[in-house]
1. Among P170, S8, A54, which residue has its Cα furthest toward the positive end of the charge dipole of the chain, with +1 on Lys/Arg Cβ and -1 on Asp/Glu Cβ?
2. Run the dipole for the chain about the Cα centre, Lys and Arg Cβ at +1, Asp and Glu Cβ at -1, nothing else charged, and hand back the magnitude in debye, nearest 20.
3. Binning at 10 angstrom from zero up to the longest distance, how are the C-alpha pair distances of segment 8-191 distributed in percent?
4. What net charge do the residues around I92 carry, taking every other residue with its C-beta under 11 Å from that of I92, with Lys and Arg at +1 and Asp and Glu at -1?
Amino acid sequence: MAAGPGNSLLGLKWRFYAHHPKSEANKLPGEKESTFGLSVYPQLELNNPTRSVARGLVDPGPQFLLPLEGNAVMGHIRLSAEVGYWFTSNNIPRSWVRGVVVGHEFRKDTELYMELYDQKEVGGTLAKPALRQSTAGIGGRVPINHGGWLRLIGMAGHSLVAPTPTNGQPGWIAYVGIQFLTASRRRHSSDYMEAGGQ
């Protein structure tokens, strides 16, 4: 068993549609909460200057993910789903991703959620079947500064299928990150979480 640092993932979310209830009409743009939103969240994965690629812990980069995301609020429950495509290089198979997240905001900007995530390679043959990674996890997000524009996010999870040397399943997964929000986007309900256990 080997362990080491993974790749770095840089992304920028663009919400191109947000539905606001009529009760939010008189609020300033950055204070309006949306009940439904659609966005794209392009992400670039880069190798860190470590030996993780040489040790076989991570795939060589760069790689680019282009997902479409949908978010909704239903009472106290928050939902998020995504479907996307990984564009890869260096003979790494391309793949489709999909995920769903269900969560709850316990107090302003502090959330706990459950995530299901699936990534499947495009193609595959009888001699070399397409690999698939299916995981379930629990995570959250909490503000770490007074203004709420800087947040700590994280998730830990486990494979839904027993990992073997040939099926591509991870055993355990986890991530920790920092989220920066601009002033004009600080309180959109659909900012609460993103699917995708990477």
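Throughout, read-outs are computed from the coordinates displayed, never taken from laboratory work. Just so it is clear, the model here is predicted, and its values are computed rather than measured. Positions of Cβ are backbone-derived with ideal geometry, glycine not excepted, and every protein chain shown enters the neighbour counts.
1. Final value for the positive-end residue is S8.
2. Values: 20 positive and 15 negative charges, 36 e Å.
Using only the charged Cβ atoms, the result is roughly 180 debye.
3. Taking every Cα pair in segment 8-191, the percentages come to 8, 31, 36, 17, 6, 1, 0.
4. Numbers: positive: R94; negative: E45, D59, E121.
It works out to a net charge of -2.
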